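Before any comments, here is the structure.
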Amino acid sequence: MKKILITGGAGFIGSHVVRRFVNKYPEYQIFNLDALTYAGNLENIKDIEKQPNYTFVKGDIVDEIFINELFSIHNFDGVLHLAAESHVDRSIEDPLAFVKTNVIGTMNLLNAAKNQWKDNFYDKRFYHISTDEVYGSLGVEGLFTETTPYDPNSPYSASKASSDHFVRAYGETYGLPYVLTNCSNNYGSYHFPEKLIPLFINNIINNKPLPVYGDGNYTRDWLFVEDHAIAIDLVFHEGKNHETYNIGGFNEWKNIDLVKLLCQIMDQKLGRPEGSSQSLITYVKDRPGHDLRYAIDATKINKELGWKPSVTFEEGLERTINWYLNNEEWLKNVTSGSYKDYYKKQYS
Ligand code: NAD
Ligand code: DAU
């Protein structure tokens with residue numbers, strides 16, 4: 001039985017990856033390592049927690065001794081590394097927290113994997129899950145490809161870029177077998193409501209202002225999270241060693257257009273008069289260093305591995321909104337406590 005370590009499996013994307021692997025691969029023993037920060041929640045994976053091939057480990061990837069012990073006890077065959085500090089706005093407030101988890105934490109995992117596997121790399125794989133933000137910002141034209149030079153602008157993207165570089169360096173220097181993916185903006189269920197789509201759904205439900213940064217003319221490429229989990233599964237099993245793949249939705253939206261669409265659907269779902277949610281839109285101070293546009297060219301993963309998004313944006317958004325409306329208890333639970341302080345500070 002293969003032992004697979006998934007880090008950050010109590011977070012948004014990680015929970016979808018853990019669920020997929022636990023259900024699809026009963027022959028794997030899945031270890032979900034998560035520090036349960038504000039963004040990690042065991043409720044996100046409650047449906048699989050009793051499966052015989054699943055084990056949860058609470059721990060911090062920044063703790064080198066703990067990580068080395070974990071690897072020496074379990075002798076993992078593969079690692080899917082998703083644990084990270086992931087919110088750009090928080091990285092502007094506290095960059096060092098991002099260096100600790102995203103850079104030092106990744107280094108600890110790389111060292112543990114290298115030391116464990118160094119005598120025989122055969123059939124081992126370190127999969128680093130990263131972001132398109134490492135490429136910086138596009139103008140109105142063009143797409144990010146796997147060869148676009150790194151040009152990160154926020155402390156978050158700088159920390160992810162740094163971790164990507166270390167992963168590649170461990171591949172080149174020590175022969176560590178790795179794969180790396182850079183993905184665009186995800187949306188879907190279990191998304192913490194500090195990010196645009198779940199934040200605005202939650203605010204519409206509660207009739208609170210919708211804080212659009214700057215003029216709202218910033219563009220993101222949105223991908224349904226379950227399609228990202230499918231791509232991760234494919235790259236882990238079939239991706240070429242030492243290769244990078246871009247993953248994206250072929251689905252660009254200006255923030256303001258996306259927010260207006262969201263408002264329209266929410267009015268219908270909540271039985272509110274047309275235009276009520278849109279009246280909540282409030283233009284606020286821009287995010288410092290705000291990247292104008294992200295858009296992914298996902299040709300390589302499509303040509304080499306046959307992946308493309310399976311869910312249209314209309315369907316994905318519908319499923320996402322329905323999920324939040326049917327899981328208001330989850331929303332209430334995650335928006336209590338320290339979230340309230342964060343929200344007050346960020347939007348006051
Ligand atoms: P998230 O913030 O929802 O979840 C992160 C998880 O990591 C949480 O469960 C948290 O508890 C855990 N974690 C944080 N610090 C930790 C530490 N020191 N030790 C152990 N666990 C820790 O993030 P997400 O949106 O699910 O993103 C997952 C990964 O995918 C990240 O690496 C992110 O950079 C990348 N990514 C995200 C997106 C996106 O749109 N959300 C897009 C592309 C790539
Ligand atoms: O591109 C991939 C990245 O997408 C991931 O690596 C990050 O982890 C993830 O958080 C996401 O980053 P963004 O900064 O693009 O996502 P966010 O949801 O924070 O913002 C999306 C856009 O909406 C961005 O242009 C900023 C804007 N925005 C965001 C918030 C939270 C607003 O206008 N108002 C808001 O309140």
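Summary of values
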quantity: Scan of region 187-218 for residues that are closer than 18 Å to K254 by Cα and out of contact with any strand residue (DSSP E or B) (no Cβ under 9 Å at 6 or more places or on another chain), ordered by number; calculated: I201
quantity: Strands (runs of 3 or more DSSP E) contained in region 1-71 and holding at least 3 residues of a type in the set (V, I, T); calculated: 2-7
quantity: Count - residues of region 293-336 that are assigned to a helix (DSSP H, G or I) and either touching a residue at least 12 places away in the same chain (Cβ under 8 Å) or closer than 26 Å to I247 by Cβ (or both); calculated: 25
quantity: Single residue of region 182-233 satisfying the filter (assigned to a helix (DSSP H, G or I) and polar (S, T, N, Q)) that is farthest from ligand 1 (Cβ to nearest atom); calculated: N203
quantity: Answer from Y339, Y343, Y283 - the residue that is touching a Gly at 6+ places or on another chain (Cβ under 9 Å) and either part of a loop (DSSP other than H, G, I, E, B) or within 15 Å of ligand 2 (Cβ to nearest atom) (or both); calculated: Y283
quantity: Exclusive hit being of a type in the set (K, R), buried (at least 19 other Cβ atoms within 10 Å of the Cβ) and under 30 Å from K340 (Cα atoms), set K195, K160, K100; calculated: K160
quantity: 3 or more residues more than 10 Å from ligand 1 (Cβ to nearest atom): qualifying helices (runs of 4 or more DSSP H) within region 80-167; calculated: 88-93, 106-117
quantity: Single match in D63, D89, D47 (criterion: of a type in the set (D, E, K, R), within 16 Å of ligand 2 (Cβ to nearest atom) and surrounded by fewer than 19 Cβ atoms within 10 Å (Cβ to Cβ)); calculated: D89
quantity: Of all residues in region 14-34 being within 22 Å of N185 (Cα to Cα) and crowded, with 23+ Cβ neighbours inside 10 Å, the one that is nearest to ligand 2 (Cβ to nearest atom); calculated: G14
quantity: Test: residue in region 72-94 that is among the polar types (S, T, N, Q), farther than 28 Å from E329 by Cβ and touching an Asp or Glu at 6+ places or on another chain (Cβ under 8 Å); calculated: yes
quantity: Verdict on E238 being modelled with pLDDT of 95 or more, within 16 Å of ligand 1 (Cβ to nearest atom) and assigned by TED's automatic domain parsing to the domain that holds T148; calculated: no
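The values are calculated or read from the model by the stated rules, or taken from the named source; none is laboratory data. Predicted, not measured: the structure shown is a model, and the values here were computed from it. All Cβ positions, glycine included, derive from the backbone under ideal geometry; neighbour counts span all protein chains shown.
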